[in-house]
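What follows is calculated from the coordinates using simple rules that are stated; it is not laboratory data. From a predicted model like this one, the values you see are computed outputs, not experimental measurements. We place every Cβ from the backbone using ideal geometry, glycine too, and count neighbours over all the protein chains shown.
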Amino acid sequence: MHLGIRYTILFLVVTLLQCLVFNQVQISIWLNPLVYVAFVMLLPMRTAPIVVLLCGLLAGVSMDVVSGLAGVNTIASLFTAYSRPLMLKLIVGKDVYADGGVPAPRVIGLNKFVVYATLFVLIQNLLYFSLEAMTLSYFYLILLKVLLNGAISVLLVTLIASLFVPKSHN
Amino acid sequence: MNRLLLFIRKVYVGAIFIVLELLSILFYANSSPYTQAKLLTASNSVLSGVNGCFASLHSYFGLSTENEHLAARVTALENELAMCRSVVDEYELNDGLDAVNSQFHYSLARVVNNTVSRQRNFITINKGYADNVHEDMALLTADGCMLGRVVVSDEHYSVCMSILNVDFKASGHPLNNKEFGSIGWDGSSQHHVVLSEIPKYADIEIGDTVVSTSHSFVFPEGVKIGVVEQITNNDNSPSSTIRLRLCADVMSVDKVLLVENVDATIIKDLENSVNQ
């Protein structure tokens, strides 16, 4: 399938999952995993940094619009999108990065993917939850939310990445 | 010239990143709970269909508990009505009743979206200004507990600040005591709010019910807020902090009551004229 179509589907799926499922889960005030980050995370490594940045902008703005958070998702997504090339170069190494494949478990290995996902999700969650609270006076509550939702997001993102890149792409 | 082009190629992503990030920070810094509610109303016009579907599903599964609550509420209100009727009959007040206008009007709405996992949570309901819903109307659960207040209305939907919102403020006092304090959410539990600024000497015990005061033009007097669960006395402060277990189960609300204070505009105009 054409790459553009695959990524459009991925974008739609994770955005809909986020706003119709994970934003609607009303089990506890602590649960709000961010899975929409999978879209920017899984862009091929050969993608030009400017395109990654614009994809981050697209993901952030659409999440802000549907969840009514003025700028919170955009600030977090732009930051992670901008620092993505550096993260990948550090984690998978310059050679694998230059190959330009999709940074998914079957391509870069599960261990490296989990490290990449953890770093990416932690930065996104830290920015998201502290900006959403608009103050640092709830520091421990924010930290707890970051860690709890971070762990769940990493699990979900790994699952999405495994489904997105099937075995044949090994 | 070539060098300049090379330099631009090298830094343009960073430059665009900084510009975009600054723009979004600017937008974020200028936002308020009002902006968030405004954004929610805008997105709701797109998502209302889908949200409505989810709300119906949620509502379907909650029907039996909801029915029980409503039946209990109806019984309580019937008892109250019977008591009022007997008072009216006993003192032959019937003739005077026509002249009495209630200060509060109640109407029913349904929750179509309800966030709970943020520090600033909002509830979207399916009534807007076309149904006479406007800013500063009170939002109560179907059994009459404090839930929030309307912040923004569009034609068919309104966004309300939930009691689980760190910006939510109301005043409350224990049923058997007139010492009042300020109600606010500390973001730590969906079942608790904090009643602060209550004088230490006030006679309050665990298990007391806290209700709204008459000092607000949003909430009618006597709306149930919660039950005292914990009292903390700070040595350095003349007041105690009281943790209340919320009477409303915010996570599972479906049908809600809207309360309009008919005199709110008159009171607000009067207060504004003094402030000017």
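The figures follow:
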{"item": "Neighbour-count ranking [beta-carbon atoms within 10 angstrom, fewest first] of B:SER24, B:SER240, B:SER59", "result": "B:SER59, B:SER240, B:SER24"}
{"item": "Gaussian network model of chain A, Cα within-10 Å springs - most flexible of A:ILE91, A:ILE27, A:ILE152", "result": "A:ILE27"}
{"item": "Relative contact order %, region A:62-143, counting alpha carbon pairs below 8 Å whose residues are six or more apart", "result": "32 percent"}
{"item": "Check: region B:88-216 dipole with +1 on Lys, Arg Cβ and -1 on Asp, Glu Cβ, in debye", "result": "820 debye"}
{"item": "Contact order relative to length of region A:1-135, as percent, for alpha carbon pairs under 8 angstrom and 6 or more apart", "result": "24 percent"}
{"item": "Under-5 Å amide H pairs with A:LEU34, H placed in peptide plane, nonlocal only", "result": "A:SER153"}
{"item": "Integer Hz, Karplus 6.51/-1.76/1.60 couplings in order for region A:147-159, x for Gly and Pro", "result": "5, 5, 6, x, 4, 5, 4, 4, 4, 5, 5, 4, 5"}
{"item": "Selected from B:LYS38, B:LYS200, B:LYS127 as most flexible by GNM, with chain B as the system and alpha-carbon contacts under 10 Å", "result": "B:LYS200"}
{"item": "Projected label distance in nm at B:ALA76 and B:ASN177, using a 7 Å step from Cα toward the beta-carbon", "result": "2.2 nm"}
{"item": "Shielding by partners - mean other protein chain Cβ count within 10 Å, residues of B:116-124", "result": "6"}
{"item": "Gaussian network model of chain A, springs between alpha carbon atoms under 10 Å - residue of A:TYR97, A:TYR36, A:TYR116 with greatest fluctuation", "result": "A:TYR97"}
{"item": "Estimated FRET transfer efficiency when R0 is 22 angstrom, pair A:ALA98-A:ILE9 (beta carbons, to 0.05)", "result": "0.25"}
{"item": "Fully extended contour minus Cα-Cα distance, from B:ASP154 to B:ILE267, at 0.36 nm per residue", "result": "38.3 nm"}
{"item": "Cys residues of the protein assembly as shown counted as unpaired, since no other Cys beta-carbon is under 4.7 Å", "result": "A:CYS19, A:CYS55, B:CYS53, B:CYS84, B:CYS160"}
{"item": "Approximate spin-label separation B:ASP235-B:SER56, in nm, with each point projected 7 Å along Cα-to-Cβ", "result": "6.2 nm"}
{"item": "Unit charges on C-beta of K, R, D, E only; dipole of chain B, Debye", "result": "2000 debye"}
{"item": "Contact order normalised by residue count of region B:153-276, Cα under 8 Å, 6+ apart, percent", "result": "20 percent"}
{"item": "GluC sites (Glu not before Pro) within region B:118-192: DSSP coil, no more than 13 neighbouring Cβ in 10 Å", "result": "B:GLU155"}
{"item": "Extension gain from B:SER189 to B:LEU26, taking 0.36 nm per residue of separation minus the Cα-Cα distance", "result": "55.6 nm"}
{"item": "Total charge dipole magnitude, region B:212-276, about the Cα centre, Cβ charges on Lys, Arg, Asp, Glu only, Debye to nearest 20", "result": "200 debye"}
{"item": "Projected label distance in nm at B:PHE7 and B:ARG85, using a 7 Å step from Cα toward the beta-carbon", "result": "8.9 nm"}
{"item": "Rounded to whole Hz, the Karplus (6.51, -1.76, 1.60) HN-Hα couplings of region B:129-141, x for glycine and proline", "result": "5, 5, 9, 6, 9, 9, 3, 6, 8, 7, 10, 10, 6"}
{"item": "Likely footprinting exposure, B:VAL166, A:VAL14, fewest C-beta neighbours within 10 Å first", "result": "B:VAL166, A:VAL14"}
